[in-house]
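Written below as C-alpha cells is the structure these notes are about.
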Amino acid sequence: MKTLKPENLPRHLAIIMDGNGRWAKERMLRRIVGHRKGVETVRVIVEECSRLKIGYLTLFAFSAENWLRPKTEVTALMALLKQYIRGETARMMQNDIRFNVIGNRADLPEDVNREIDSTIQKTSGNRGMLLTLALSYGGRQEIISAARRLASEAAAGRLDPDSIDENSFGASLSTAGIPDPDLLIRTSGEMRISNFLLWQLAYAELYFTEVNWPEFDRDELARALKDYQSRERRFGKTSDQLRRGGEQPS
Ligand code: FPP
C-alpha cells in the first residue's frame, strides 16, 4: 500500500466501532468475548492514531440506546470500560494522550465515573491527541440539551435569540472546542450514523468497511485514511473554486 501523506490526515477522526457481537457469533463465542477482543482493537487504534499525530479521536463506545441491551451485557461492557480506562492511563501518559468523555455521564455507574474523573485529571496536562469516548451518548439528546440551555438563557433575558448562530450553537455542545470530524469510519458493513455526532458530522467524509471491529487493525485504518486522502472535500464549493483557492466570480 502506498504511504499516507502526513499533511492530509484527518484532524479529527470519529469511529463507530461495530460488529463485536457478530464477530463472536461467527466463532460460536459469547458476545462479551467479542467486546473483549474489541477492546484490544481500541488499544491498537488509539496508539496508531496517536503515532500518526491525529489530533482528535472520538470513539462511540456506548450509545444512549445501548442501555436497552440485556443487563448482563450492559454490566459486562461497563466492567470492560472501567478496566480499559484504569489499565490504559499509564499508556496515555506515555503517549501524551489527553482523555475526555462525552455523553450522559449521570447514567454511568459511580465506579466508572470515578475512573473517568481520575484519568481525565491525570491526563489533563498532556498535549498530544485528545481521545474522547462517547458513553451513554446520543446526538439528538445532545442537541436537545444544548437547545434547552440556550432557551433558558434567552428566557432569563441573558441571551438574544437572534445572536444564536452555528458557532455559538456548536459551542453549546459537549464537543465545544473540538473541531468537527473530518472522517467517520463505521465497521461491520452497516451504513448508518446511528445518532452519533449528528451536528458535528455535517461535512465529514464517511467510510464504511465490512470488517468487524475486532478485526479492524492498523492496515484497515491505513486503508480508510488512504481512501480519505483520495476524496475532494468541497464544502459546497465547486472543484474549480477549490483549485483556484478562492471565490469564483459568478
Ligand atoms: C458494537 O458491537 C460495539 C459496541 C456496542 C460497543 C463498543 C465497545 C467496545 C469496543 C468495547 C468497550 C470499549 C472501550 C472503549 C473499552 P455490537 O455489540 O453492536 O456488535 P453486533 O452489531 O455485531 O451485535
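Coordinate-derived values only; no laboratory data. The structure presented is a predicted model; accordingly, all values stated were derived computationally and were not measured. Positions of Cβ are backbone-derived with ideal geometry, glycine not excepted, and every protein chain shown enters the neighbour counts.
Quick notes
- Summarising the label geometry, the points placed 7 Å from Cα in the beta-carbon direction at Leu198 and Met28 lie 4.3 nm from one another.
- Residues Asp182, Asp217, sorted so that the one with the fewest Cβ neighbours within 10 Å comes first: Asp217, Asp182
- FRET efficiency estimate (nearest 0.05) - Cβ-Cβ, Asp107 to Glu48, R0 30 angstrom: 0.50
- Most mobile of Ala154, Ala61, Ala134 in a GNM of the chain (Cα contacts under 10 Å): Ala154
- Under the Karplus curve 6.51 cos²θ - 1.76 cosθ + 1.60, θ = phi - 60°, whole-Hz ³J(HN,Hα) for segment 68-78, x wherever Gly or Pro sits: 7, 5, x, 4, 4, 5, 4, 4, 5, 5, 5
- Whether segment 152-243 is rounded, prolate or oblate, judged on the alpha carbon gyration tensor where a/c under 1.5 counts as rounded: oblate
- Each Lys or Arg adds one and each Asp or Glu subtracts one; over the other residues with Cβ under 13 Å from the Cβ of Arg11, this totals -2.
- Remark: the Cα gyration tensor places segment 54-181 in the oblate category, a/c being 1.5 or greater and a/b not exceeding b/c.
- Rg/Rg_globular for the chain, with Rg_globular taken as 2.2 N^0.38 Å and Rg from C-alpha atoms: 1.07
- The chain: calculated mean residue ellipticity at 222 nm from DSSP helix runs of at least 4, using -39500 (n - 2.57): -13500 deg cm²/dmol
- Between Thr119, Thr41, Thr238, the Gaussian network model of the chain with springs among Cα atoms under 10 angstrom shows the greatest mean-square fluctuation at Thr238.
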